[in-house]
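Scroll down for the structure; my scribbles are underneath it.
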Amino acid sequence: MASRDPSAGSPEATAPPGNRLRARAAWAVVVLQFRATPLGASLLLGTTVGVGVMPAAIAWLTKLLFDELGRGTHTDTHRVVLLGVTTAVLAALVAVLMQLASYLDELVRRRLIVEVERTLFAKVDRFRGLRRFEDPAFHDRLRLAQQASEDAPHNVTMFTQEAVRAVAAISGFTGALLAVWPPMTGLLFLVGGAALLARLSLARRQVVVWELSSARLRRHLFYRSLLTDPRAAKEIRLFGLGGFLNGRLVRALSDATEAQLAVARRGALVQAGFAALNAVVTGLGTVVVVVGAAQGRFTVGDVTLFIAAAAGVQGAFTGIVLQAGMAAEGARLFGHYLDLLDEPDDLPGGEGRAPALTAGVELRDVWFRYDPAGPWVLRGVNLTIPAGTALGLVGRNGAGKSTLIKLLCRFYDPEKGAILWDGTDIRTMDVTELRRRIGVTFQDYMTYDLSAAENIGIGHLPHRDDLERIRASATEAGIDETLRRLPEGYATQLSRVHLDEDDGTPGVTLSGGQWQRVALARSLMRADADLLILDEPSSGLDPEAEHEVHRALGRHRRGRTALLVSHRLGALREADAIAVLVDGQIGELGSHAELMELDGHYARLFSLQASGYTDGLDERAPDERTVV
């Protein structure tokens, strides 16, 4: 039995990572920034330490300067000038370092985003099958991982920088506070520590809200893209769906926003309370020191040093509290990113070779369903496609035709039974090598916002720039003349959404039938494919174009192994054999003539379809009518 994704739809899929995982995520980000830009990260660390230490040094120099000035007639002018110049130089150096740190921070952030995005989508590409992509719970997790990839690494690195800067600043300023009024140190650390704990608690709440809102936000993005999709624009305007879809969009966004605002309100109240408490503590300390100065226990320099030190410690704690909250959110979100990177593949990897097909493909007692609790789609299918022959596959909608194609391409594995390639189970073969031997035109083909040449050439990437081969495939699909007549020929961008990447010129779009021919040409790029699968390759074509395409396909597949799927049964008459899927099983198998003589499912479907062409014609004997 095929195993189900253990995280799909389960509480563990959205459960927040624990402390150990958060620490792992934070460490992973630190390592990642040095991997993304070693020099930039190292320079940023150095400038951060400098920016953190120098304010304390400036505060001490300012104290010494004021104390020297307070000596009146005994003031050492040379020492005053030296202290003043040194203080000004350090202040200028801090300003320069802050600008440098700002640039380096942006550099590290940008490089981190590129590295994380590259790693994330390289992992997504390594999923061999489709099970993950057809699972809504996985898409929610992927969205959280994408969100983490955008901001979380930077938030964690910002906290690292702020922590380094804060430790440097607090270390310098604490000595000043201890020298002037020691109790102030304990008060500031007490308030700062409490604020830090409160901010971390709020961060946990924020991430939980993001996790619970992920599905709503994904739905919001879906409606937003739908409202701007040129393919949907016709129906939206014809049926007046704009207001309806916009309402759904706003509702999904509002539901997610209200939960986030509730956390934001709580955070604002807590932080405002701690800000007020900080002000009270600072005021108390200032009064004590000022009174002491008035009584002669402190100098004017001591007062300025104390005020600067108190402000420095508070500023350091404020910065670290804010960044700690963002880092905690980032680390928890980044846990989803790391979890996704650790996600096992949905298909076990095969290592065997996929040799050229010489005997044929066999489905032996194949059972399959998409979910362990769902209905069986295929129920013990036994079917053989001998090498060099064409097999037609027909059946009602939902009979399992598309599922069978997915299994042949090994997007899924059967729960029971096996698919054999020249007698070898395809699960033992290298899946990439196996798929290179298969050419497929899917019923739900893709239209890419690329040039006409690229739309076809990507069917076989090694020959993506081989215009001669691209045109040969387009000719077989009956679309070459159309593409040559485009404004820029095969270089024309096939899109009304994106401009050309090279010169910024607007593109053009094709009709549905023309796009279908482009998709067909794409699959024909694999001229050396051993198995050719055509799933409704002419459903969008007019009768004349359909006839031309099938003639071209007949020439192309001559001597090849082919699986032909179509609801237009007349298109399958030339197949060597036709299989009829009924309730997930092969109900009938034979040539067109044999199945018509059997007078079963196929004969009934063929007669119903043929009647649409013959009804209303002159009354002739049934055996005189011709069905094409």
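Considering only residues that are polar (S, T, N, Q) and either under 32 Å from the mean Cα position of the chain (by Cα) or outside the structural domain of ALA169 (by TED's automatic domain parsing) (or both), which ones fall in the range 306-334? Show your work before the answer.
Going through the range 306-334, the residues polar (S, T, N, Q) turn out to be 314, 318, 323.
Within the range 306-334, GLN323 is the sole residue that qualifies.
With the condition kept exactly as written, say whether any residue in the range 259-276 is within 24 Å of the chain's Cα centre (by Cα) and free of Cβ contacts under 8 Å to residues at least 12 places away in the same chain. The answer is no; no qualifying residue exists.
Flag set for ARG218, criterion: more than 30 Å from ILE58 (Cα to Cα) and in contact with a helix residue (DSSP H, G or I) (Cβ under 6 Å, 6 or more places away or on another chain). Determine whether SER591 is surrounded by fewer than 18 Cβ atoms within 10 Å (Cβ to Cβ) and among the hydroxyl-bearing types (Ser, Thr, Tyr). So SER591 fits the description; yes. With respect to the conditions (1) in contact (Cβ under 8 Å) with a residue 12 or more places away in the chain; (2) surrounded by fewer than 17 Cβ atoms within 10 Å (Cβ to Cβ); (3) among the charged types (D, E, K, R), ARG199 lacks only one, and its number is (2).
Would you mind stating whether VAL303 is in a helix (DSSP H, G or I), more than 29 Å from the chain's Cα centre (by Cα) and surrounded by 14 or more Cβ atoms within 10 Å (Cβ to Cβ)? It is true that VAL303 is in a helix (DSSP H, G or I), more than 29 Å from the chain's Cα centre (by Cα) and surrounded by 14 or more Cβ atoms within 10 Å (Cβ to Cβ).
Answer yes or no as to whether GLU343 is more than 26 Å from LEU420 (Cβ to Cβ) and at pLDDT below 90. Against the criterion (more than 26 Å from LEU420 (Cβ to Cβ) and at pLDDT below 90), GLU343 qualifies.
Let's see how each residue does on (1) part of a helix (DSSP H, G or I); (2) over 12 Å from GLY192 (Cα atoms); (3) aliphatic (A, V, I, L, M):
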position	(1), (2), (3)
GLY292	yes, yes, no
ILE307	yes, yes, yes
PHE317	yes, no, no
GLN323	yes, yes, no
ALA327	yes, yes, yes
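When SER213 is tested against (1) buried (at least 18 other Cβ atoms within 10 Å of the Cβ); (2) of a type in the set (Gly, Ala, Ser); (3) modelled with pLDDT of 75 or more; (4) closer than 22 Å to PRO136 by Cα, just one condition goes unmet, and that condition is (3). Here LEU120 meets the list (1) touching a helix residue (DSSP H, G or I) at 6+ places or on another chain (Cβ under 9 Å); (2) among the hydrophobic types (A, V, I, L, M, F, W, C); (3) under 30 Å from ALA59 (Cα atoms) almost entirely, failing just condition (3). Based on what the data block shows, is LEU581 at pLDDT 90 or above, under 17 Å from GLY395 (Cα atoms) and not hydroxyl-bearing (Ser, Thr, Tyr)? When the stated conditions are applied, LEU581 passes them. State all residues of the range 460-477 that are crowded, with 22+ Cβ neighbours inside 10 Å and small (Gly, Ala, Ser); if no residue qualifies, say none. Of everything in the range 460-477, those that are crowded, with 22+ Cβ neighbours inside 10 Å and small (Gly, Ala, Ser) turn out to be SER473, ALA474, ALA477.
Of the set (1) outside any helix (DSSP H, G or I); (2) without any contact (Cβ under 8 Å) to a residue 24 or more places away in the chain; (3) surrounded by 14 or more Cβ atoms within 10 Å (Cβ to Cβ), all apply to ARG128 but (2).
Please indicate, with yes or no, whether at least one residue in the range 511-518 is modelled with pLDDT of 90 or more and not assigned by TED's automatic domain parsing to the domain that holds ASP229. Give the derivation first.
Of the residues in the range 511-518, the ones modelled with pLDDT of 90 or more are 518.
With the extra rule that they be not assigned by TED's automatic domain parsing to the domain that holds ASP229, the set shrinks to 518.
Yes, there is a match, as at least one residue in the range 511-518 is modelled with pLDDT of 90 or more and not assigned by TED's automatic domain parsing to the domain that holds ASP229.
Checked against the criteria, GLY192 does not count as touching a residue at least 24 places away in the same chain (Cβ under 8 Å), in a loop (DSSP other than H, G, I, E, B), of a type in the set (Gly, Ala, Ser) and out of contact with any His (no Cβ under 8 Å at 6 or more places or on another chain).
Each row is one residue, and each column tells you yes or no for (1) charged (D, E, K, R); (2) over 16 Å from ASN278 (Cα atoms); (3) assigned to a helix (DSSP H, G or I); (4) modelled with pLDDT of 75 or more.
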| site | (1), (2), (3), (4) |
| --- | --- |
| GLN161 | no, yes, yes, no |
| ALA166 | no, yes, yes, no |
| ALA179 | no, yes, yes, no |
| MET184 | no, no, yes, yes |
| LEU188 | no, no, yes, yes |
| LEU197 | no, no, yes, yes |
| ARG205 | yes, yes, yes, no |
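From the list VAL81, VAL49, VAL31, the one residue that fits, being of a type in the set (Val, Ile, Thr) and either in contact with a Cys (Cβ under 7 Å, 6 or more places away or on another chain) or not assigned by TED's automatic domain parsing to the domain that holds ALA176 (or both), is VAL31.
Does the range 314-322 contain at least one residue that is polar (S, T, N, Q) and farther than 28 Å from SER201 by Cα?
Within the range 314-322 (the criterion being polar (S, T, N, Q) and farther than 28 Å from SER201 by Cα), the answer is no, since none of the residues qualifies.
Out of the residues in the range 377-395 meeting the condition of being in a loop (DSSP other than H, G, I, E, B) and among the hydrophobic types (A, V, I, L, M, F, W, C), tell me which one is nearest to the chain's Cα centre (by Cα). If we take residues in the range 377-395 being in a loop (DSSP other than H, G, I, E, B) and among the hydrophobic types (A, V, I, L, M, F, W, C), then VAL377 is nearest to the chain's Cα centre (by Cα). One residue is enough: does the range 325-346 have a residue meeting the conditions surrounded by 15 or more Cβ atoms within 10 Å (Cβ to Cβ) and farther than 30 Å from LEU32 by Cβ? No, the conditions are met nowhere in the range 325-346.
The values are calculated or read from the model by the stated rules, or taken from the named source; none is laboratory data. Just so we're clear, the structure is a prediction, and the values are computed from it rather than from any experiment. Note that each Cβ is placed from the backbone with ideal geometry, even for glycine, and that neighbours are counted across all protein chains shown.
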